[in-house]
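The values are calculated or read from the model by the stated rules, or taken from the named source; none is laboratory data. Quick caveat, the model's predicted, so the values are computed rather than measured. Heads up, the Cβs are rebuilt from the backbone with ideal geometry, glycines too, and the neighbour counts pull from every protein chain shown. Each accessible area value is taken on the protein alone, full model and side chains, heavy atoms only, with ligands, DNA and RNA left out. Shrake-Rupley method; radii C 1.70, N 1.55, O 1.52, S 1.80 Å.
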Amino acid sequence: MSMKSAAPKVVSPEEWQAARDELLVKEKEHMRAGDALAAERRRMPRMAVEKDYSFIGPDGPASFADLFEGRSQLIVYRFFYAPDVTTYADPSTQSYPEFGCVGCSLVADQVSNLAHLNARDTTLAFASRAPQADIQDLKKRMGWEQIPWYEIAGDWDKDFGVDEMHGHNVFLRDGEEIYRTYFIDNRGDEALGSVWSYLGIAPYGRQEEWEDSPQGTPQSAAYKWWNYHDAYEQA
């Protein structure tokens, strides 16, 4: 059975505004439900990461702790880029190493300036099975130079559910301890890329005072921490 309906009708400005006001009520309900879900997400139990994992970064071998880049929160996206990847827009003309998974590439294109995430003690990193030299070539060709990108050298992807499907894993570092706090894949993670979408899945959220977060979560006034992407270090 077709789900299509008649095209929306053309109405007067007054009728249009009335319809908009009616829909806005539902949109606000949806937003508040999202806030409540995020508050519940920040209260999820944490899983201790007790295994040592190896990666290769642009400067050589890297530990899992190195991926945090000195920050306490880490979001890792598993990007499918390797000789055995076949998910290209046109497999007849596109292949490795010039191309990565078309869906993963769309996600990378959505990533906004990372300075804002970094200012909230959050690091975003990508991880793939391709050699680091090919990763750097792809980053340059596609304009993804800002994204920290690591070669997976062990079984990290298998252990965190992204050996066969893309996904974002979220971690928190407390001293020498690392915890897995959240995971999202499929349609859930294809919409990620903006500052707010990533902070929405981070252990501490936006870290703004209006948020419902567990006791001890660092928070500051909304809007006050916002800055130009090239001015955070000066601030």
| said: Rounding to the nearest 10 and keeping the result within 0 to 90°, find how far the Cα-based axis of helix 13-41 lies from the longest principal axis of the chain. | reply: 40
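Need one number for the stretch 97-235: average projected area of the convex hull over its C-alpha atoms, nm².
Numbers: hull surface 38.9 nm².
For the stretch 97-235, averaging the hull's shadow over all directions gives 9.7 nm².
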| query | Lys/Arg Cβ at +1, Asp/Glu Cβ at -1, dipole of the chain taken about the Cα centre: which of GLY34, LEU138, ALA7 is farthest positive-ward? | reply | ALA7
| message | In Å², and per residue, what accessible area does the chain have when probed at 1.4 Å with the other protein chains present? | response | 59
| field | Longest segment of the chain lacking trypsin sites (Lys or Arg not before Pro) that sit in a DSSP loop with at most 12 other Cβ atoms within 10 Å | value | 52-223
| query | Label-point separation (nm) for ASP159 and GLN17, each offset 7 Å from Cα along Cα-to-Cβ? | reply | 6.0
| Antiparallel bridges, percent of DSSP beta bridges restricted to the chain (to nearest 5) | 70
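Mind checking the full-extension length gain between HIS30 and ASP59? Use 0.36 nm per residue of separation minus the Cα-Cα distance, one decimal, nm. Kindly include the intermediate steps, with their values, before the conclusion.
Working: separation 29, 0.36 × 29 = 10.44 nm, distance 4.45 nm.
This chain segment gains 6.0 nm when fully extended.
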| Extended-chain gain in nm, criterion 0.36 nm per residue less alpha-carbon gap, ALA222 and TYR179 | 12.8 nm
| said: Between GLN94 and LEU37, what's the calculated FRET efficiency when r is the beta-carbon distance and R0 is 35 Å? Round to 0.05. | reply: 0.40
| What is the pair-distance distribution P(r) of the stretch 72-120, computed from all Cα-Cα distances in 5 Å bins starting at 0, with each bin given as a whole percent? | 4, 19, 23, 18, 13, 10, 8, 3, 1
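First select every other residue whose beta carbon is under 12 angstrom from the beta carbon of ARG180; then total the charges, Lys and Arg +1, Asp and Glu -1. Walk me through the numbers on the way to the answer.
Values: positive: ARG46, LYS51, ARG173; negative: GLU50, ASP159, GLU177.
Combined, the nearby Lys, Arg, Asp and Glu give 0.
Per DSSP H run of n ≥ 4, the term is -39500 (n - 2.57); total these for the chain, divide by its residue number, and report the mean residue ellipticity at 222 nm rounded to 500 deg cm²/dmol. Intermediate results must be reported in sequence, preceding the final value.
Details: 7 runs with 67 residues, N = 235.
Per the formula, -8000 deg cm²/dmol.
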| query | Relative to the longest principal axis of the chain, what angle (0 to 90°, nearest 10) does the C-alpha long axis of helix 132-142 take? | reply | 30
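Rounded to the nearest 0.05, what FRET efficiency do ALA115 and GLN136 give with R0 = 22 Å and r taken as the Cβ-Cβ distance? Could you check? Before the final figure, lay out each step's value.
Working: r = 21 Å, r/R0 = 0.95.
The value I calculate is 0.55.
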| task | Loop only per DSSP, at most 12 neighbouring Cβ atoms within 10 Å: give me the GluC sites (Glu not before Pro) in the stretch 150-214, ordered by residue number. | result | GLU164, GLU176, GLU209
| Considering every Cα-Cα pair within the chain, what fraction, in whole percent, is farther apart than 21 Å? | 63
| message | Let me see the P(r) profile for the stretch 166-235: every Cα-Cα distance counted, bins of 5 Å, each bin given as a percent of all pairs. | response | 3, 14, 18, 22, 19, 18, 6, 0
| query | Want the number for GLU233 to GLN215: 0.36 nm per residue separation, take away the alpha-carbon distance, what's left? | reply | 3.7 nm
| What accessible area, in Å² to the nearest ten, does a 1.4 Å probe give for HIS229? | 100
